[in-house]
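One structure below.
Read-outs: derived from the displayed coordinates by stated rules, not from any lab. Just so you know, these numbers come straight off a predicted model, no measurement behind them. No Cβ is skipped: glycine too gets one built from the backbone with ideal geometry, and neighbour counts run over all protein chains shown.
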Amino acid sequence: MKNLKLKAARAAMDLSQEQLADAVGVTRQTIGMIEAGKYNPTLNLCIAICKTLNKTLDELFWEED
């Protein structure tokens with residue numbers, strides 16, 4: 001499932017995939033794959049992304065039924 005919440009939060013902070021990737025220590029491709037729903041990030045990576053985007057885990061990664 002695509003992670004549109006992550007993409008929207010990143011765009012709201014005016015960050016490119018490359019900029020977010022640099023901030024959390026991964027490649028741009030990793031961020032792209034997370035947004036596309038093709039990669040499940042580790043909990044540590046999820047936390048790093050949340051801290052960078054000033055969001056909670058629930059706000060970015062919790063899937064509604």
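What range in the chain is the longest one free of GluC sites (Glu not before Pro) that are in a loop by DSSP and have at most 10 other Cβ atoms within 10 angstrom? Walk me through the numbers before you get to the answer.
Details: sites that count: GLU63, GLU64.
Longest gap between qualifying sites, sites excluded: 1-62.
List the chymotrypsin sites (Phe, Trp or Tyr not before Pro) within the chain that DSSP assigns to loop and that have no more than 10 neighbouring Cβ atoms inside 10 Å.
Working: sites: TYR39, PHE61, TRP62; in loops: TYR39, TRP62.
Hits after loop and neighbour filter: TRP62.
Jot down the radius of gyration and Dmax of the chain, Cα atoms only, both in angstrom.
Every Cα atom of the chain included, Rg and Dmax give 10.4, 32 Å.
Residue by residue through region 7-12, what is 3J(HN,Hα) from phi via Karplus (6.51 cos²θ - 1.76 cosθ + 1.60, θ = phi - 60°)? Round to whole Hz and write x for glycine and proline.
Couplings: 4, 5, 5, 5, 5, 5 Hz.
Once you keep just the Cα pairs under 8 angstrom separated by 6 or more residues, what percentage relative contact order results for the chain? Could the numbers behind the result be given before it?
Numbers: 58 pairs, mean separation 24.7, N = 65.
Result for the chain is 38 percent.
Are there trypsin sites (Lys or Arg not before Pro) in the chain that DSSP marks as loop and that have at most 12 other Cβ atoms within 10 Å, and which are they? Provide the component values of the computation, followed by the final result.
On the way: sites: LYS2, LYS5, LYS7, ARG10, ARG28, LYS38, LYS51, LYS55; in loops: LYS2, LYS38, LYS55.
Here the trypsin sites (Lys or Arg not before Pro) that fit, given the DSSP loop and packing criteria, are LYS2, LYS38.
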